[in-house]
Amino acid sequence: MITIKSVLRGSLVAASALLAVACSSTQGDTTTTTSTPSSTSTGSSASASPSSAVSGPVTLGDQNKPADASASGARFDPCKVPGWSAFPAAVRPKNEADKPPRQREPKPNDPFTVSCFYDNSEASSTSAAGKHFVATVFWAPPGAMPVDPSNPKNAGGQATTIGGRPGLLRPSTNSASKEPSCGVLIELTDRSTAGVLLVNSQSPNPDQDTCTIAQDVMAAVVTATS
């Protein structure tokens, strides 16, 4: 069963895999090892696929790029809306150009069709025991991710309203890193779904801030798509 909790669980795994790869490259070495992060939507553990050596410098995210938002029929591009500007200064990169949002290729069981990964974790956070800020912003077609808290897929979720649109709020704790996490789904005017999944220990008060940040990010999406 695909749930907002199981989708969230994959976010930190993906962040850790990306950061581990980035830190494995050494200055002056023309061979960069890359691995494609793998997340699960079924609640089972996720791991990176076998790495492959690529000659020459490689920019993470350049390989096997997923179709862009317009090609997917998405209501918005999650890498442009909300953008880093919708996140509070405490969790944004000092230089946003150093950590641009990256398209994330949906896995076969993911209910969303387009998503983007925002990562401002500490440089040393290459394992679950680190200080992270990671967010996956995504779009799903109508009916793929219902926001009704009474839906069996949404156990533990709370009804919310953001920008006049119905939604679902689910605060939790990331099982791997024990950091506060939060998922928010919002039904847009065309009945498609926008969502964000956060893992956060970078803000001043993560226990209080994480779901507030998630709701503010979704408010920016609602405003942009209304």
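The values are calculated or read from the model by the stated rules, or taken from the named source; none is laboratory data. Since the structure is predicted, the reported quantities are computational estimates derived from the model, not experimental observations. Note that each Cβ is placed from the backbone with ideal geometry, even for glycine, and that neighbours are counted across all protein chains shown. These area figures cover heavy atoms from the full protein model, side chains too; ligands, DNA and RNA do not enter into them. Shrake-Rupley method; radii C 1.70, N 1.55, O 1.52, S 1.80 Å.
Here the peptides 204-214, 180-190 are ranked by packing, the mean other Cβ count within 10 Å, and the order with the highest first is 180-190, 204-214. The packing ranking of peptides 79-89, 107-117, highest mean first, is 107-117, 79-89, where packing means the average number of other beta carbon atoms within 10 angstrom of each residue. Sequence-ordered 3J(HN,Hα) estimates for the stretch 193-207 from the Karplus curve with 6.51, -1.76 and 1.60 and θ = phi - 60° stand at 10, 10, x, 9, 10, 10, 10, 9, 9, 9, 6, x, 10, x, 4 Hz, glycine and proline given as x.
Neighbours of P82 by Cβ distance under 12 Å: Lys/Arg scored +1, Asp/Glu scored -1, total 0. When you restrict to C-alpha pairs under 8 Å that are six or more residues apart and normalise by the size of the stretch 129-210, the relative contact order lands at 34 percent. The dipole here belongs to the stretch 150-226: it is taken about the Cα centre, uses +1 on the Cβ of Lys and Arg and -1 on the Cβ of Asp and Glu, and is about 240 debye.
What does the charge count around T189 come to, taking other residues whose C-beta lies under 14 Å from its C-beta (Lys +1, Arg +1, Asp -1, Glu -1)? Here the count lands on +1.
Send over a whole-number figure in Å² for the accessible area per residue of the stretch 103-226, probe 1.4 Å.
Heavy-atom SASA per residue in the stretch 103-226 reads 39 Å².
Near Y118: Cβ cut-off under 11 Å, other residues only, Lys/Arg at +1 and Asp/Glu at -1. The net charge is +2.
Using the Cβ-Cβ distance between S70 and T161 with R0 set to 30 Å, the FRET efficiency works out to roughly 0.55.
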